[in-house]
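Starting off with a structure, shown below.
The values are calculated or read from the model by the stated rules, or taken from the named source; none is laboratory data. Predicted model, so just to flag it, every value in this text is computed and none were measured. Counting neighbours? That spans all protein chains shown, and the Cβs are built from the backbone with ideal geometry, glycine included. Just the protein is used for accessible areas: all its heavy atoms, side chains included, with ligands, DNA and RNA removed. Shrake-Rupley method; radii C 1.70, N 1.55, O 1.52, S 1.80 Å.
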Amino acid sequence: MKSYLSNDTEAKLKQTKELPPHIHFIGIGGIGMSALAMILAQKGYSISGSDKKKNLTLEKLEENKVHIFPTQVESNIDEILKVHGTNILVVKSSAIRRDNLELCKAKKYNLKIKHRSEILAFLIEQKKSIIVSGSHGKTTTSTYITTLFSYANKSPTAIIGGIVPLYKSNYSIGNSEFLIAEADESDGSLVKFNPNIGLITNLELEHVDHYLDLEDLIETMKQFARKCECLITNFDCDNLRANIHNSKWFSIQKIINIDFALIPKESNGCEIIAEYYEKEKFIDVIKIPVPGIHNLSNAAAAIAACRVAGILFKDIKKGIKKLKLPSRRFEFKGLWKNRLIVEDYAHHPSEIDAAISIASTIIETKHKLSKILPRRIVTIFQPHRYSRTKKFQKKFAKSLSQSDLVFITPIYSAGEDKIEGINNKSIGHELKKIKPNLEIYTPDNNQNLIKLIKEQTLENDLILIMGAGDINLIIENLFLELINNKLISNDIAA
């Protein structure tokens with residue numbers, strides 16, 4: 001297949017103006033902000049940032065001569081101005097509130113301020129770009145594309161919303177003309193991008209703090225679609241078929257009139273064997289070494305993007321063997337007291353369904369991931385945002401009802417104000433309506449959660465920890481003592 005990225009495309013790359021010599025990121029530790037900061041630092045810009053958290057990402061930035069302020073106060077801006085003068089750029093994300101002290105001080109001094117999406121757009125314009133959007137699967141799909149490109153010796157630059165196993169990082173700085181990145185639809189900023197190849201994984205109502213309804217989200221996606229030189233979309237998604245005009249289809253359900261089809265034949269909860277077709281022509285049987293039908297769809301999308309970009313299928317097939325899910329995507333953490341611990345970023349009902357489906361397949365097929373065979377699904381769910389919980393709490397309850405035991409933590413607010421009557425107990429109440437005999441716990445704090453986990457779980461449980469907030473840190477604290485005492489094992493089958 002001829003590459004869609006022809007010499008004509010290369011000729012169209014815009015001549016972009018340089019950014020100011022010093023760039024300051026408010027909230028630099030965020031998964032998207034840190035990747036941009038690191039790439040710009042590697043390009044020779046002077047970078048600083050502020051973040052209240054302490055993590056490995058910040059340590060890595062400091063190792064690359066990025067100055068980190070541990071608080072977000074007005075004096076940070078004054079200190080930067082003393083050293084660099086006023087020719088600086090301040091970068092914020094949608095997570096930064098209007099009353100942020102650094103942001104207010106930057107406005108007071110009339111400094112240049114840009115949204116993180118504008119920095120990403122700057123980088124996109126300098127490369128042949130593959131930009132991934134969609135309600136679910138963006139991080140996994142862009143991780144797959146990055147991995148396949150890398151094993152095909154294409155050395156891409158990548159900016160990913162999660163940790164790519166191949167790089168053990170959320171970014172890579174390549175020496176080719178390709179850039180792979182996610183287009184975040186959560187705040188509508190994706191309409192600023194002009195991708196050479198755009199990809200939409202699926203489309204359903206999400207981010208209800210920003211979008212009024214599904215139609216509002218669809219209109220934003222239509223704007224993104226119009227700005228893509230070539231657009232690849234998922235035929236299996238009703239909302240995409242009905243509303244988005246594309247260039248290429250991919251599917252895991254249909255072969256006829258489909259550009260790239262990956263049809264599942266066998267699954268054991270850890271891998272999927274599928275038949276691959278291009279324009280209805282059978283190409284090969286391939287083994288996707290990751291679980292879940294949704295991840296097969298993500299793999300089909302990634303293969304489609306690589307083929308449109310001109311990568312030979314024989315080179316793609318080499319990389320498929322190396323595919324791994326990004327961090328916090330059905331990530332096996334180890335064994336704790338003969339309980340299998342799995343972490344997933346799921347924070348939307350469809351994502352919870354997908355994660356529980358994988359867990360169910362593992363139990364049903366009796367696939368031995370470790371020295372134990374799981375018997376029950378125990379879910380620990382941290383709701384993310386009050387607005388999302390209010391909109392979807394009945395659907396959350398329906399999704400969680402597929403479990404054998406459920407823990408629902410207090411809501412991770414992500415900076416939102418509380419909504420009266422919306423909390424973990426309101427989800428539990430809806431869950432009881434659906435499945436009255438289900439064992440459900442809604443602890444008020446982390447200490448009670450840890451106590452309940454220790455008391456109520458059993459050996460041979462598969463404990464599925466879900467949420468996009470800080471639930472991962474809570475669980476790390478739970479297991480810290482056990483790790484130190486060598487009571488937790490990483491005995492997971494390859």
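Please state which one of 265, 281, 227 is modelled with pLDDT of 95 or more and either open to solvent by 50 Å² or more (accessible area, probe 1.4 Å) or not assigned by the TED database to the domain that holds residue 150 (or both).
Only one candidate qualifies: 281.
Would you say residue 409 is within 22 Å of residue 332 (Cα to Cα) and surrounded by 16 or more Cβ atoms within 10 Å (Cβ to Cβ)? Give the steps one after another, and end with the answer.
Values: within 22 Å of residue 332 (Cα to Cα): yes; surrounded by 16 or more Cβ atoms within 10 Å (Cβ to Cβ): yes.
So residue 409 fits the description; yes.
Residue under question is residue 416, and the condition is that it be surrounded by fewer than 16 Cβ atoms within 10 Å (Cβ to Cβ), farther than 20 Å from residue 355 by Cα and in contact (Cβ under 8 Å) with a residue 40 or more places away in the chain; does it hold?
Answer is yes for this residue.
For segment 361-411, name all the residues that are closer than 18 Å to residue 206 by Cβ, polar (S, T, N, Q) and assigned to a helix (DSSP H, G or I).
Within segment 361-411, 387, 389, 393, 399 meet the criteria.
Among the residues of segment 163-221, how many are small (Gly, Ala, Ser) and not in a loop (DSSP other than H, G, I, E, B)?
So the answer is 5.
Identify, from the list 166, 179, the residue that is surrounded by 23 or more Cβ atoms within 10 Å (Cβ to Cβ) and among the aliphatic types (A, V, I, L, M).
The match here is 179.
Give the residue that is nearest to residue 232 (Cα to Cα), with candidates limited to residues of segment 265-309 that are in contact (Cβ under 8 Å) with a residue 60 or more places away in the chain and part of a strand (DSSP E or B).
278
Take the conditions buried (at least 20 other Cβ atoms within 10 Å of the Cβ), out of contact with any helix residue (DSSP H, G or I) (no Cβ under 8 Å at 6 or more places or on another chain) and either part of a loop (DSSP other than H, G, I, E, B) or charged (D, E, K, R) (or both) and apply them to residue 351. Does it pass?
Working: buried (at least 20 other Cβ atoms within 10 Å of the Cβ): yes; out of contact with any helix residue (DSSP H, G or I) (no Cβ under 8 Å at 6 or more places or on another chain): yes; either part of a loop (DSSP other than H, G, I, E, B) or charged (D, E, K, R) (or both): yes.
So residue 351 fits the description; yes.
If residue 179 passes every condition in (1) of a type in the set (A, V, I, L, M); (2) at pLDDT 90 or above; (3) out of contact with any Lys or Arg (no Cβ under 6 Å at 6 or more places or on another chain) but one, which one does it miss?
(3)
Against the definition (touching a helix residue (DSSP H, G or I) at 6+ places or on another chain (Cβ under 9 Å) and either more than 30 Å from residue 373 (Cα to Cα) or not in a strand (DSSP E or B) (or both)), how does residue 246 come out, yes or no?
So residue 246 passes the test.
In a strand (DSSP E or B) and farther than 25 Å from residue 165 by Cα: does that describe residue 341?
Here the answer is no, as residue 341 does not meet what is asked.
In addition: Being buried (at least 18 other Cβ atoms within 10 Å of the Cβ) and at pLDDT 90 or above is the filter here; which residues of segment 454-483 pass it?
457, 461, 462, 463, 464, 465, 466, 467
Within segment 422-467, which residues are within 18 Å of residue 383 (Cα to Cα) and in contact (Cβ under 8 Å) with a residue 60 or more places away in the chain?
Across segment 422-467, the qualifying residues are 449, 453, 463, 464, 465, 466, 467.
Out of the residues in segment 1-23 that are aliphatic (A, V, I, L, M) and part of a loop (DSSP other than H, G, I, E, B), which is modelled with the lowest pLDDT?
13
Which residue out of 115, 84 is within 20 Å of the chain's Cα centre (by Cα) and within 17 Å of residue 19 (Cα to Cα)?
When all the criteria are applied, what remains is 115.
Output yes when any residue across segment 310-333 is of a type in the set (Lys, Arg), assigned to a helix (DSSP H, G or I) and surrounded by fewer than 16 Cβ atoms within 10 Å (Cβ to Cβ), and no when none is.
yes
Also, I was wondering about something else. In segment 444-453, which residue that is open to solvent by 10 Å² or more (accessible area, probe 1.4 Å) and touching a helix residue (DSSP H, G or I) at 6+ places or on another chain (Cβ under 9 Å) is farthest from residue 410 (Cα to Cα)?
Per the criteria, the residue is 450.
Here's a follow-up. From 451, 394, 371, grab the single residue that is of a type outside the set (Asp, Glu), modelled with pLDDT under 95 and under 20 Å from residue 347 (Cα atoms).
Only one candidate qualifies: 394.
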